[in-house]
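> Can you keep this structure in mind? I'll have questions shortly.
Each reported figure results from applying straightforward, stated rules to the coordinates on display, with no laboratory input. Everything numeric in this text was worked out from a predicted model, so none of it was measured. Here the Cβ positions follow ideal geometry from the backbone for every residue, glycine too, while neighbour counts run over all protein chains shown.
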Amino acid sequence: MTARPDSTLQPGEQPAASLPAPVSEGFSDEALETFSRSHVHIVDTMNRLRVLPMQLAQRGLDDGVRASAVAIHRFFNDAVLEHHDEEERELFPSLAHSAGRGDEAALVGSLIARLAREHREIESLWDRIEPGLRRLSRGRPAPLDERAIEQIVALYVAHAAFEESAVLPLAACILKSGDRAALALGLAMRRTPYRINAYI
Ligand SMILES: [Fe+2]
Ligand SMILES: [Fe+2]
C-alpha cells in the first residue's frame, strides 16, 4: 500500500497513512503473514475513517458516505476486535513461551504489556466513535467525534507500524517450532466454522 502523492490532495486533506516497507520480502511463516495482511486492511480502513467527517460535512449523508460508514463499522466490530483477540490469545502467549527467561523474556513481557495497553486505548476510542457511525450506517444523521477519530487513526497507524517493524520480525526470529505450530493451529481453529470447544 502506498500513500497518494501530495499533488492529488484536496485543500485541508492530510496524506493517507501507510505502513513502513516490510523488513524483508515478507515472513516465511503463514501465521505471521496473516497478522501482516490484517495490518494493511486495518490501515486502509483507518484512512477511510479519517476522511469520513470531511466527506459528511461536504456531501451530507449520501449513498457513498453511508456505504463508508457501513463498511468501517462492520470491519472494526468484526475484524479489528478479532485481530486484537488473536494477538492477545494466540500470538503473545506463543511469543512469551518462546522467549523463555532472562532479558529476552523481560523484553517480550514489556512489549506485550505495551501492545495490550494500546489495544485497550484503541477500543475505548472506538467506543466514542461507534454510536455515531452506527447511526450513519443506518441512514440516520449523527455527529461524529472528530477528536476521537483523529486519535484512533494516529494511534492505530503507529501501533500497526510498530508491530510490523519490531514485533513480527522478533516473532519470526524467536518463535520455537512448537510455539509456531501452536500459533498456526490456534489461528486455523478460529477460522473454522466448527470450533473444537463447541463440542467439549
Ligand atoms: Fe496489536
Ligand atoms: Fe496487530
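> Label points 7 Å out from Cα along the Cβ direction at Ala154 and Ala188: separation in nm?
The answer from the label model is 4.3 nm.
> Please report, in debye to the nearest 20, how large the charge dipole of the chain is about its Cα centre when each Lys and Arg carries +1 at its beta carbon and each Asp and Glu carries -1 there.
That gives a dipole near 640 debye.
> On C-alpha positions alone, give me the angle between the axis of helix 30-59 and the longest principal axis of the chain, in degrees, nearest 10.
On a 0 to 90 degree scale, this one is about 10.
> Roughly what angle does helix 177-191 make with the longest principal axis of the chain, taking Cα atoms, 0 to 90 degrees, to the nearest 10?
40
> If I take every Cα pair under 8 Å that is 6 or more residues apart in the stretch 97-200, average their sequence separation and divide by the length, what percent do I get for the relative contact order?
Rounded, it is 29 percent for the stretch 97-200.
> For the stretch 150-164 and the stretch 30-66, what is the separation of their Cα centres, given in Å?
13
> Which residue, chosen from His97, Thr45, Gly186, occupies the Cα position most advanced towards the positive end of the dipole of the chain, where the dipole is computed from +1 (Lys, Arg) and -1 (Asp, Glu) charges on Cβ about the Cα centre?
Result: Thr45.
> Could you give me the ³J(HN,Hα) list for the stretch 114-121, computed from phi with Karplus coefficients 6.51, -1.76, 1.60 and θ = phi - 60°, whole Hz, x at Gly and Pro?
4, 5, 5, 4, 5, 4, 5, 5
> If I take every Cα pair under 8 Å that is 6 or more residues apart in the chain, average their sequence separation and divide by the length, what percent do I get for the relative contact order?
Here the relative contact order equals 31 percent.
> Most exposed first by the Cβ proxy, i.e. fewest other Cβ within 10 Å, how do Arg117, Arg180 rank?
Arg117, Arg180
> Taking θ = phi - 60°, what integer Hz values does the Karplus form 6.51 cos²θ - 1.76 cosθ + 1.60 yield along the stretch 148-162, in sequence order, with x for Gly and Pro?
5, 5, 4, 5, 5, 5, 4, 5, 5, 4, 5, 4, 5, 5, 5
> With a ≥ b ≥ c the root eigenvalues of the C-alpha gyration tensor of the stretch 92-200, is it rounded (a/c under 1.5), prolate (a/b larger than b/c) or oblate?
oblate
> How far apart, in nanometres, would the label points at Glu82 and Ala116 be if each is projected 7 angstrom from Cα along the Cα-to-Cβ direction?
According to this spin-label approximation, the distance is 2.3 nm.
> Just His73, His97, His119 to compare: in a GNM of the chain, with alpha carbon springs under 10 Å, which one fluctuates most?
Ranking His73, His97, His119 by mean-square fluctuation puts His97 first.
> Order of Arg50, Arg59 from fewest to most other C-beta atoms within 10 Å?
Fewest to most other Cβ atoms nearby, the residues stand as Arg59, Arg50.
> Here's a follow-up. Dipole size in debye (nearest 20) for the stretch 135-194 around its Cα centre, Lys and Arg Cβ +1, Asp and Glu Cβ -1?
400
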